[in-house]
Amino acid sequence: MPDIFVVFTDQIPLSRGLGRRRAHRKGTCIMDLNTITDVRLARSRADLVALCTTVVPLAGGSALFGEPQNHLEGFVDLMTLEWPALTVTPDGLDIAATCTIAELSRFPAQPGWLAHPAFFQCCTALFGSFKVWNVATVGGNLCASLPAGPMTSLTAALDGEVLIWSPDGSERRMPVTSFITGNTTNILTPGEVLRSIHLPLRALEARVGYRKIALSPLGRSGAVLLGRLERSGAFVLTVTAATVKPVQLSYDALPDADTLRADVERLDEWFTDAHGAADWRRAVSCVLADEIREELA
Amino acid sequence: MKFTVNGEPTEATPRAGQALRTLLRDTEHFEVKKGCDTGDCGACSVLVDGEPVHSCVYPAHRIEGHDVTTVAGLGTPDALSPVQQSFVDAAGFQCGFCTAGMVVTASTLTEADPADLPRLLKGNLCRCTGYRSIRDAFAGITNVTPRPCAASSSGPVDPAACAAHAASANPGSGCPTAARSHAAAPTTAPPAATTPAPRSVGTSERAPAGARIVTGREEYTLDVAIPGLLHLVVLRSPHAHARITRLDTSAAEALEGVAAVLTHRDSPSTLFSTARHENRTDDPDDTLVLDPVIRFRGQRVAVVVAETVGIAEAASRLIEVEYDVLPANFDPAKARQPGIPLLHSGKNPNDSRIADPETNLVAALHGEYGDIAQGFADADVTVSGTWQSHRIAATALETHASIGWLDDDGRLVLRTSSQVPFLVQKELARLFDRSLDTIRVFTARVGGGFGSKQEIQTEDIVSLAVLKTGRPVQYEMSRTDELTVVPCRHPMRVSVSLGATAAGLLTAMKVDVLSDTGAYGNHGPGVMYHSCSESISVYNSPNKRVDAEAVYTNNMPSGAFRGYGLGQVVFGIESAMDDLAIALDMNPFELRRLNAVSPTDPLVVTHVEGDDLVFGGSYGLDQCLDLAQNALATGPESGRSLPAPDGPEWSVGEGMAAAMIATIPPRGHFAEASITLGLDGRYTINAGTAEFGNGTTTVHTQLAATALNTSASLIGIRQSDTDVVPYDTGAFGSAGTVVAGKAVLAAATALAVKLGEVAEALTGIPATAWQLNSEGLSSGDRMLTLTELAAAGTEAAPAVTTVRIDGGVANAAPAARGITALGTHAGHRRSLAFNVHAMRVAVNSRTGELRILQSIQAADAGFVINPEQCRGQIEGGVAQGISTSLYEELILDAEGTVTTSVLRNYHLAQFADTPTTEVYFADTADGLGPFGAKSMSEAPFNPVAPALANAVRNATGRRPRELPFSRDRLWRLLNADTAS
């Protein structure tokens, strides 16, 4: 499974059109995406009308080109929309879906943004190398909706809110924690495009503790936890990579160790894959949560 | 679309879904390699406007108007960039397939903080080196011997042995200079030179291809443009066990651009084995090129040959297949039970050489030496346990691939990624009923093997396609193919029981092995027998019993992997030996010393081994034990061991394991090699051995240079081509140095003698009065240049000169093109090499994290011909051992589908994952190998897993029994009483 994805995978039926012939196809990861016959370079929102179940948005491309996509016939390239990558606003930060991980990793801290170190830390949680950072995008990582997606970890932990463009010209917004619905699934419907993610100033000004563990020192994340201690004293723990979707535990004040541990243990979204068994993920999440609690205490 | 590549304006029209990697290769930038096509391995790294990217996942259409720089744009072989030079100087590569991307990436990191390299290099995987030499390249460390002056006089042309190492002879750097000062092994006749001269053997001569590799100029299998090339795509089975009942290819054949669709109806009906050995009867004939019966998920169903890969893929989706799906079995423990699906029922057990096709039994070994029951009765202490090894993939960075065509004479020619071109030639001749002289098989440089290329994976189907279409055909396997259908290492369940006296002497040794060979029996018998050989005979016990079986299941086939079965059984036996040491309260090194076989002991598995396997006049296990034990004991005080992490959750422990290996595979391994002094006065070696990072090319030139008293850099080599030499069994079983090397040495020795005879015939001065040097022969003030000698040979001394060295014979004769000597070696007598690995680890009980604080390997490689290369082989083997013990695992679901089908889910050790291993060489010299050398390629891998397991046991009091020791498994092991 990819780390970064620009196809909204939940929109695409796994088998389509060609019936039983296709059912005999075993996906092979080889070279080019030979079923793609057209790439449209988007210049304005109007160009997005071409999107359908077989024509999907292309952002960085680092994951889309790393998986067989035989069910697809075309791309609409979002990068040519030239959305400003990162925009500081009075109430926080707007991150364009097409902002690359490299751009995010280099973004300087603004006054009072105590959460800023988490930007780079979460970039390092991407399995892909710094060379992948040069092309992979924040939006693509969210839309892949992989449990280990580190941009999901970051934006969920900072109470990020997504802006979605719908095909009828309308827009809708929702928390990142609602946007991701499961392991590689999200809320997007056919034709919709993730436009941007807003991080509120309140969260950016919070102290944030970050922990990651994998089955190898820098491997694909088995658990990524971020704790956020706000000026008000409120504490939010966000568990990702260990659970099929981001899960948050919120407290009015920093909980004691036993409370936090019991609450983490009680979560039930743990899962098993090649990057860790569910019981291990739960156990190490308890360990990391406690480390974060101690760091912020 | 216009863009530039390395400054050259380029115009190309990318296809809509094309990646930059293939666009660059379409424009003949073959320096851009494919390792994974998922953005994980970094072999395809290039710069776009100076920024590094993985070109395999970079949309090609975006390159319009941009500047691409590949490794070839950074420098040329004659003008290396500083980064390229540093990789040559450090010997920072073995097969070299990852190097193009590694160098491109490194070129952007010259200002990087060395402490940040683990993160910055996580997208550059090297399967060969273990990364130490790459770290050295970043640090600007020179590991190779400096080149001689350009205008060498008749004086010494090589600097003092191992000068680079002498300057920085750290403990554990593998530098042998302090340890030894051998003369030539007694069995090797000295060359014609009579004055002592610095020898090439024993120095860290650089690999001849180095400058080409670091600049992307060295050709690998597919790095060639062939007009009219067709591409081959395989349709694979979605079922693990099925019979094809209908196969309609008409729609596929009708697609424009399709040249052929091949099915089982087109397949030769000859059963064969994809595994290759000197004796083809070693492996069961149970496989067809295309078979109407499917026995594992991913087996070939049909093949499309078309003008492009895209057309072939599209056509493969148009093939209509119906299956009668059959019950399948994935559990080797159930394979022989009644009612379990039979995979090869009906095949003739004698013709196919399957032990019992009616019970899924491929091969079995049941035997007893002494009286095992009495052995246990005599024991004061007994220990027993069961250990399970897992499925792992060789994961050479270059995937299997070949290109085939018909040459002007109508010969079938294959350019292929193989360790065994001559064995492939023989089997293709049999399969397609052609004579040997109508088939030529050769390799370019091969991008890694580790056993997986001792196997026909592409050549059979490409041959069929070429013969069907008459056109050139290419088949390139994907990384997913490598991880899902190319044979993996045999998973084995190994039960071991040991009995010993209170003093620690073994009285009984009982080993039970169940090997899962998967759907086909390729390498199944050989791996099973080998797994129970040196692993058991390394210890003396008056009573031994072995019960081993290899069985068919509907899992992906298993095959050859570095160590060839030994690693799996060594894991069990060395773990059991550790348990025995604990039960006896004895030091584990001491327990090995007490029981290890010595040159005066017989080698026993279930009977005394045949006399082809001998100690060869060298024995270094005792030294290896001492070296490893001492390095481990002094690690903390010397600073070579990392400090233990703080915290009560961490526990620290030490572990060790020993391993023995025969230097040559059994039952014959043949090599013929020639060396020619051309009319231009240059030497050229012709050898059969493929170069895939094994370093034998370097070694062969060093052997010849030493016999001819010249510099290795003055010797050219042509290799791994059935047209170049008459025969070579191939590069497996670590035979490249000790078999083919011996043939090269024989040839060079004979040539040196012949040159003296020519001089005598020309001048009347006796042959023995001439001294050979890099310029020619000299006697007093008389000088005959090599060019003069080559030209005069035919008339002056036309007779054939025969020279024998121990184990080899060579004939030298002048001919129109110069003087050629052809040497042969039969590899009949085999010696033994040893490895001892020791580890200090810290284990975190809360997370299962394991940190290697110190890693040590002591090796008995005999005389070390090239210290830097041999060190690299050991480090690479250890790194593979660590990677496969801690991280790598092919995971299959309940239907036999491999779910770890891309590298991000099959974790190869990165730079960050690989500790530096201290390497120590025993001071021995073998009587069989050239100049006293022994093989040292597979062996270093074998003791690593048990050394790690024993260190975990020592640290935590709990013993891991199942590979890999992943963090989640270790966490469970340590929390078994509390985990739910």
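What follows is calculated from the coordinates using simple rules that are stated; it is not laboratory data. All values reported here derive from a predicted model rather than from experimental measurement. Ideal geometry is used to build each Cβ from the backbone, glycine not excepted, and the neighbour counts take in all protein chains shown.
Observations on the structure shown:
- When +1 charges are put on Lys and Arg Cβ atoms and -1 charges on Asp and Glu Cβ atoms, the dipole computed for the protein assembly as shown relative to its Cα centre reaches about 520 debye.
- Loop chymotrypsin sites (Phe, Trp or Tyr not before Pro), region B:481-543, which have at most 12 other Cβ atoms in a 10 Å radius of their Cβ (DSSP): none
- Dipole moment magnitude, nearest 20 debye, region B:671-825 about Cα centre, only Lys, Arg, Asp, Glu C-beta charged: 140
- For a straight C-alpha distance cut-off of 22 angstrom, the lysines reachable from B:Lys122 (same-chain residues fewer than eight places away being disregarded) are A:Lys131, A:Lys212, B:Lys33, B:Lys34.
- Among the residues of A:209-221, the average count of other protein chain beta-carbon atoms within 10 Å of the residue beta-carbon is 5.
- Positive-end ranking of B:Ala112, B:His61, B:Ala91 along the dipole of region B:1-118, with charges on Cβ about the Cα centre, is headed by B:His61.
- Chain B: projected area of the alpha-carbon convex hull, averaged over directions, in nm²: 39.3
- A quarter of the convex hull surface defined by the alpha-carbon atoms of region B:12-119 gives 7.3 nm² as the mean projection.
- Overall shape of region B:549-645 was characterised from the C-alpha gyration tensor. The equivalent ellipsoid obtained from it has semi-axes of 30, 23, 15 Å, in decreasing order.
- Neighbour count of at most 12 Cβ within 10 Å plus DSSP loop: longest trypsin sites (Lys or Arg not before Pro)-free window in chain A: A:44-230
- Under the criterion of Cα pairs below 8 Å and six or more residues apart, the relative contact order for region B:671-825 equals 30 percent.
- Between B:Glu8 and B:Asp371, the modelled labels are 7.9 nm apart [label points 7 Å from Cα along Cα→Cβ].
- Working note: 222 nm ellipticity from helices only, DSSP H runs with n ≥ 4, each -39,500 (n - 2.57), summed and divided by the residues of chain B, gives -7000 deg cm²/dmol to the nearest 500.
- Distance histogram in 5 Å bins (all Cα pairs of region B:355-504, percent per bin): 2, 8, 13, 14, 12, 11, 9, 8, 6, 6, 5, 4, 2, 1, 0
- Excluding same-chain neighbours fewer than eight residues apart, the lysines reachable from B:Lys754 by a Cα-Cα span under 19 Å are B:Lys742.
- Cα pair distances exceeding 18 angstrom across region A:233-281, given as percent: 33
- Shielding score for B:303-309, defined as the mean number of other chain Cβ atoms within 10 Å: 1
- Considering only Cα atoms, the convex hull volume of region B:291-353 works out to 136 Å³ per residue.
- Of the DSSP H helices in chain B, those whose Cα atoms cover at least 24 Å axially and whose Kyte score averages 1.0 or more: B:566-584, B:741-763
- Set of region A:66-87 residues, backbone N closer than 11 Å to the point 7 Å along the Cα-Cβ line of A:Asp38: A:73-76
- Mean Cα-pair separation over length for chain A, i.e. relative contact order, pairs under 8 Å, 6 or more apart, %: 17
- Measure of compaction for chain A (Cα Rg per 2.2 N^0.38 Å): 1.00
- Peptide A:278-285, shielding by other chains (average Cβ, 10 Å cutoff): 5
- In region B:671-825, taking the dipole from charged Cβ atoms about the Cα centre, the farthest positive-side position among B:Leu679, B:Ala790, B:Leu703 is held by B:Leu703.
- Neighbour-limited loop hits for GluC sites (Glu not before Pro), region B:200-269 (at most 10 other Cβ within 10 Å; DSSP other than H, G, I, E, B): B:Glu256
- Since only B:Ser537, B:His344, B:Val952 are under comparison, the one whose Cα sits farthest along the positive direction of the charge dipole of chain B, derived from C-beta charges on Lys, Arg, Asp and Glu, is B:Val952.
- Calculated FRET efficiency for the pair B:Thr802/B:Ile226, C-beta based, R₀ 45 Å, to 0.05: 0.60
- Within region B:893-980, none of the chymotrypsin sites (Phe, Trp or Tyr not before Pro) combine a DSSP coil assignment with at most 15 other C-beta atoms in a 10 angstrom radius.
- When Rg and the Kirkwood radius Rh are both evaluated on Cα atoms of region B:671-825, their ratio Rg/Rh stands at 0.98.
- Globularity index of the protein assembly as shown is 0.93 (Cα radius of gyration / 2.2 N^0.38 Å, N = number of residues).
- Stretch gain in nm, segment B:Asp612-B:Met586, where the contour uses 0.36 nm per residue and the Cα spacing is subtracted: 5.9 nm
- Placing +1 on the Cβ of every Lys and Arg and -1 on the Cβ of every Asp and Glu, with nothing else charged, gives chain B a dipole about its Cα centre of roughly 280 debye.
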